[in-house]
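A.B. asks: Could you have a look at this structure, given as structure tokens, before my questions?
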Amino acid sequence: MTILGKTATLSNMKQSSCFFSLGFFGKPFLLVLFLNCSCIGNKVVTSPTAFQGECLQGLNFESGEDSFLADSLKIGMKLQENFDDKFIDMAIALNVVDDLENYLIEDLERIEKLELKTRIFGKIMKMDIELHSLMSAIDCEEEKAEQIASFLEKELRKKERNLTVAAIITGAIVGVGTGFILAADNSRNDWPEYIGIAGGLTEVFLGLSILRLDKRVAIRHSKNILRDVYESEDRPAYFPPSTWYYFNSKNNNNQEVSLKDQLLERWEAYNMNDEGVAILFSDGGEYSPELLKSRSEMLDQLESQISLISKDLLYFLNKIEAIN
């Protein structure tokens, strides 16, 4: 018996209507719901790999290495007369103030001068290696943030594609089903209206689902470089003492604004207006792709700002080479 038959009784019409709802319309509709439910999934996933892991391993500088700060109290007249503030500030960072004072003694023997120069160059090399080691660790975290953001975006595109397919199937079901029923010319059949309403509601639901797509990843970063740079006055253990001093000093440029303060000003202007920004300065949390990109951008800016110290280190080296 078919619902399209014109001789069906009222009782048979009701039974046939139930059959239609499950057979003709119900199964595709269940398929649509299956596709929709299968692409919703869990909105929060755990990072497949450790976020920090190897990035900061091996970077640990004891507090006793901050003794170079006392050099700021030993600046003699010779250094002040022969060099600018940028050079002197780098000398403090390198802990070579005493060596430079001795190096400037005119009647110093050649061997003694060579020993002093070798010691100064050794400290320059050490600072340069420490500086690039820190930059490598920051770059490591930056690349991981970008990688996880890319992973989440791929997952979101997959969900969006599934929902779009479900919406297309729904539209096809509504169109074909309505066409069949109208072709039967059964004026007493209300199924075209039912199909239209159900299909319309389903497409609205799918459309809203696409607009509300969300995927986040839970990651941990107990050693938070962004937080330590933004909030901490004390040097983090993984930050080289010489780099931390020079990064915070206001004495190495004409504007009397430290490299750190310049960086924080840009962070506050461009990166700290987004929702959920508090996670960036916490021990971790649920990151969206956008928030991961913000973290990556801030880490990239930090790395770039620290790399400027290399330029001043070269300036210091050239000044040493120019001393007769």
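A.B. asks: Restricting to the range 96-140, name every residue that is surrounded by 13 or more Cβ atoms within 10 Å (Cβ to Cβ) and among the hydroxyl-bearing types (Ser, Thr, Tyr).
C.D. replies: The answer is TYR103, SER133.
A.B. asks: Now for a different question. Inside the range 265-324, can you point out the residues that are part of a helix (DSSP H, G or I) and β-branched (Val, Ile, Thr)?
C.D. replies: Matches in the range 265-324: VAL277, ILE279, ILE306, ILE309, ILE320.
A.B. asks: Taking ILE197 as the residue in question, decide whether it is over 26 Å from LEU313 (Cα atoms) and either in contact with a Leu (Cβ under 7 Å, 6 or more places away or on another chain) or at pLDDT below 85 (or both).
C.D. replies: yes
A.B. asks: OK, next. Condition check: on the phi > 0 side of the Ramachandran plot and either at pLDDT below 90 or out of contact with any Pro (no Cβ under 8 Å at 6 or more places or on another chain) (or both). Does GLU268 satisfy that?
C.D. replies: In short, no.
A.B. asks: Of the residues that make up the range 235-252, is at least one within 19 Å of GLU143 (Cβ to Cβ), outside any helix (DSSP H, G or I) and not aromatic (Phe, Trp, Tyr)?
C.D. replies: no
A.B. asks: Kindly indicate whether any position in the range 299-316 is under 22 Å from LYS154 (Cβ atoms) and surrounded by 14 or more Cβ atoms within 10 Å (Cβ to Cβ).
C.D. replies: Yes; the residues of the range 299-316 include at least one that is under 22 Å from LYS154 (Cβ atoms) and surrounded by 14 or more Cβ atoms within 10 Å (Cβ to Cβ).
A.B. asks: I've got another one for you. Condition first: part of a loop (DSSP other than H, G, I, E, B) and surrounded by fewer than 15 Cβ atoms within 10 Å (Cβ to Cβ). Now tell me which residues in the range 222-234 satisfy that.
C.D. replies: SER222, SER232, GLU233, ASP234
A.B. asks: Right, another one. Out of all the residues in the range 92-110, is one or more at positive phi and at pLDDT 85 or above?
C.D. replies: Yes, the conditions are met somewhere in the range 92-110.
A.B. asks: Sticking with this one: Yes or no: PHE68 at pLDDT below 90 and either hydroxyl-bearing (Ser, Thr, Tyr) or buried (at least 18 other Cβ atoms within 10 Å of the Cβ) (or both)?
C.D. replies: Judged against the criteria, PHE68 is a match.
A.B. asks: Let me ask you something else. What number of residues within the range 252-268 satisfy the criterion of being more than 13 Å from LEU302 (Cβ to Cβ) and touching a helix residue (DSSP H, G or I) at 6+ places or on another chain (Cβ under 8 Å)?
C.D. replies: Of the residues in that region, 3 qualify.
A.B. asks: Considering each of SER187, SER294, SER242, SER258 in turn, give the residue that is at pLDDT 90 or above, over 30 Å from ASP89 (Cβ atoms) and not basic (Lys, Arg).
C.D. replies: One residue alone meets the criteria, SER294.
A.B. asks: Go through the range 268-289 and give me each residue that's under 13 Å from the mean Cα position of the chain (by Cα) and either over 24 Å from PHE151 (Cβ atoms) or touching a residue at least 24 places away in the same chain (Cβ under 8 Å) (or both).
C.D. replies: Once the filter is applied, which keeps residues that are under 13 Å from the mean Cα position of the chain (by Cα) and either over 24 Å from PHE151 (Cβ atoms) or touching a residue at least 24 places away in the same chain (Cβ under 8 Å) (or both), the range 268-289 yields ASN271, MET272, LEU280, PHE281, GLY284, GLY285, GLU286, TYR287, SER288, PRO289.
A.B. asks: Now a separate question. More than 30 Å from ASP84 (Cα to Cα), among the β-branched types (Val, Ile, Thr) and modelled with pLDDT under 85: which single residue out of ILE219, ILE210 fits that description?
C.D. replies: ILE210
A.B. asks: Sticking with this structure for a sec: Would you point out which residue out of GLU130, GLU142 is under 30 Å from ILE279 (Cα atoms), touching an Asp or Glu at 6+ places or on another chain (Cβ under 8 Å) and at pLDDT 90 or above?
C.D. replies: Step by step, each of GLU130, GLU142 is checked, and only GLU142 is under 30 Å from ILE279 (Cα atoms), touching an Asp or Glu at 6+ places or on another chain (Cβ under 8 Å) and at pLDDT 90 or above.
A.B. asks: Just one of (1) more than 24 Å from ASP84 (Cβ to Cβ); (2) buried (at least 21 other Cβ atoms within 10 Å of the Cβ); (3) not charged (D, E, K, R) trips up ALA278, so point out which.
C.D. replies: (2)
The values are calculated or read from the model by the stated rules, or taken from the named source; none is laboratory data. A quick note: this is a predicted structure, and the numbers were derived from the prediction, not measured. A quick note on method: Cβ atoms are made from the backbone with ideal geometry, for glycine too, and the neighbour counts reach across all protein chains shown.
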